[in-house]
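One structure below.
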Amino acid sequence: ILCWNYPGQAFTEWRKEQLLNNEYLSTCLNEVLGQVGEKGTKDFDTTRPFYIMGFGMGASIATFYSSHYRVPNLRSIITVNGWTYLDSYLAGIMHDCINIFGCSPPSRPDLPVYFFSRFLFRKEYLAKVSVPLALNLYTAVHNSISLQGRLALCKGVLQLVDTRSLLKEIDVPIICMQSTQDAIARPLHTEPMV
């Protein structure tokens with residue numbers, strides 16, 4: 001298993017002027033696989049069949065990557081609560097996040113997490129365990145993603161390359177799991193994949 005933390009996520013570096021959208025991040029994925037693959041360190045055997053799993057924006061990265069790089073040993077794409085395009089609902093969430101993340105002081109990393117929690121947890125769950133307890137559980141393992149990383153990722157989502165038309169070029173199965181109650185990726189995002 002190769003677990004990849006793409007630029008913008010915790011413990012990563014990127015050029016501040018770089019747009020972190022699915023096109024750019026799929027290029028990064030291709031470079032990572034090249035560096036750890038058969039022509040690189042050989043830590044990840046790309047000569048054997050492998051699968052790509054993408055959560056959220058990762059689904060858009062996986063579909064862009066698969067349609068452009070046509071890796072012969074890729075056997076399937078697995079998406080979890082992902083999307084292939086930017087709809088008005090997702091755009092609204094990203095604009096709200098940019099506004100909150102942009103005015104949150106670096107000394108208060110809890111504020112962006114608190115704001116974002118309304119998209120991470122179901123209302124019923126929050127009513128049962130309370131927002132403070134949910135946040136304590138969520139942040140039990142510290143995620144050191146920076147405010148700049150959060151902003152860069154939100155801006156990248158707003159500039160996603162729509163991959164709906166590219167899906168027909170992908171010649172491996174796509175296994176799509178979608179929650180009916182996800183607050184960010186709505187079930188309608190499965191329609192293009194179906």
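The criterion of being touching a strand residue (DSSP E or B) at 6+ places or on another chain (Cβ under 6 Å) and surrounded by 13 or more Cβ atoms within 10 Å (Cβ to Cβ) holds for residue 190. In the stretch 10-34, the qualifying residues are those that are open to solvent by 30 Å² or more (accessible area, probe 1.4 Å) and among the aliphatic types (A, V, I, L, M), and the one that is nearest to residue 166 (Cα to Cα) is 19. Within the stretch 161-180, if we keep just the residues that are open to solvent by 70 Å² or more (accessible area, probe 1.4 Å) and touching a Pro at 6+ places or on another chain (Cβ under 9 Å), the residue that is farthest from residue 51 (Cα to Cα) turns out to be 180. Against the numbered list (1) in contact with an Asp or Glu (Cβ under 9 Å, 6 or more places away or on another chain); (2) closer than 26 Å to residue 19 by Cβ; (3) surrounded by fewer than 17 Cβ atoms within 10 Å (Cβ to Cβ), residue 47 comes up short only at (2). Checked against (1) within 18 Å of the chain's Cα centre (by Cα); (2) open to solvent by 30 Å² or more (accessible area, probe 1.4 Å), residue 7 passes all but a single condition, namely (2). Looking across the stretch 85-115 at every residue that is in contact with a helix residue (DSSP H, G or I) (Cβ under 7 Å, 6 or more places away or on another chain) and free of Cβ contacts under 8 Å to residues at least 40 places away in the same chain, the one that is most open to solvent (accessible area, probe 1.4 Å) is identified as 114. Of 82, 58, 37, all but one fail to be of a type in the set (Gly, Ala, Ser), crowded, with 16+ Cβ neighbours inside 10 Å and farther than 30 Å from residue 135 by Cβ; the exception is 37.
The values are calculated or read from the model by the stated rules, or taken from the named source; none is laboratory data. Quick caveat: nothing in here was measured; it's all calculated off a predicted structure. Because the Cβ atoms are built from the backbone with ideal geometry, glycine has one as well, and the counts that use them run over all protein chains shown. With ligands, DNA and RNA removed, areas are computed over all heavy atoms of the protein, side chains included. Shrake-Rupley method; radii C 1.70, N 1.55, O 1.52, S 1.80 Å.
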